[in-house]
1. Just to be sure before I move on: is Thr17 under 24 Å from Cys124 (Cβ atoms), open to solvent by 60 Å² or more (accessible area, probe 1.4 Å) and of a type in the set (S, T, N, Q) in the structure I sent?
2. Scanning for something out of contact with any helix residue (DSSP H, G or I) (no Cβ under 7 Å at 6 or more places or on another chain), over 22 Å from Asn62 (Cα atoms) and without any contact (Cβ under 8 Å) to a residue 40 or more places away in the chain, does the range 16-25 turn up at least one residue?
3. Which one is most open to solvent (accessible area, probe 1.4 Å), of the residues in the range 43-101 that are among the hydroxyl-bearing types (Ser, Thr, Tyr) and assigned to a helix (DSSP H, G or I)?
4. May I ask you to verify whether Ile40 is farther than 20 Å from His68 by Cα, among the β-branched types (Val, Ile, Thr) and either surrounded by 20 or more Cβ atoms within 10 Å (Cβ to Cβ) or modelled with pLDDT of 95 or more (or both)?
5. Which condition number in (1) modelled with pLDDT of 90 or more; (2) open to solvent by 30 Å² or more (accessible area, probe 1.4 Å) is the one that Thr127 fails?
Amino acid sequence: MSQIITYLQKSMDRGQTWNKRWFVITKEFAMYEFKAHHDIYAIATLPLPGYQVIFPVDIIENVFCLSHQQKLPPTYLQSECTASRDRWLNVLKKMVNLELSEESNRNSTHSSESPGSQNAEDGCDKTS
């Protein structure tokens, strides 16, 4: 079962270029990156223990960063809204410290849902 699933923007160059990716965080303390929500195979896997969650990042609104102690390049992630960003920060901070979220069942969704339904669950208001 997943802890959190949604699209985020990803940058590996401090926000100069961004790519929209589908991310899944599992109870196994790993974050999987897919090109799209319908993909079967992840294009990258990030074991979260050992990373630091950095926020705020003064690049763009709703951006947070994952930085590793071993000097790996930092990963910048951007959510669509503040509610989604806060949800991601909450889950990531627990995952990097090997803590399971108490809300894991409530935060989980199925990848077969449409991206629009995921945005509604993230609390992002798409009507404005």
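The values are calculated or read from the model by the stated rules, or taken from the named source; none is laboratory data. Treat the numbers as computed from the prediction; the structure is a model and nothing was measured. Neighbour counts run over all protein chains shown; Cβ positions are idealised from the backbone, glycine included. Just so you know, the surface numbers come from the protein's heavy atoms only, side chains and all, with ligands and any DNA or RNA stripped out. Shrake-Rupley method; radii C 1.70, N 1.55, O 1.52, S 1.80 Å.
1. The answer is yes for Thr17.
2. So in the range 16-25, the residues out of contact with any helix residue (DSSP H, G or I) (no Cβ under 7 Å at 6 or more places or on another chain) come out as 16-24.
Next cut, over 22 Å from Asn62 (Cα atoms) only: none.
No, that holds for no residue.
3. Thr82
4. On the way: farther than 20 Å from His68 by Cα: yes; among the β-branched types (Val, Ile, Thr): yes; either surrounded by 20 or more Cβ atoms within 10 Å (Cβ to Cβ) or modelled with pLDDT of 95 or more (or both): yes.
Answer is yes for this residue.
5. That leaves (1) as the condition not met.
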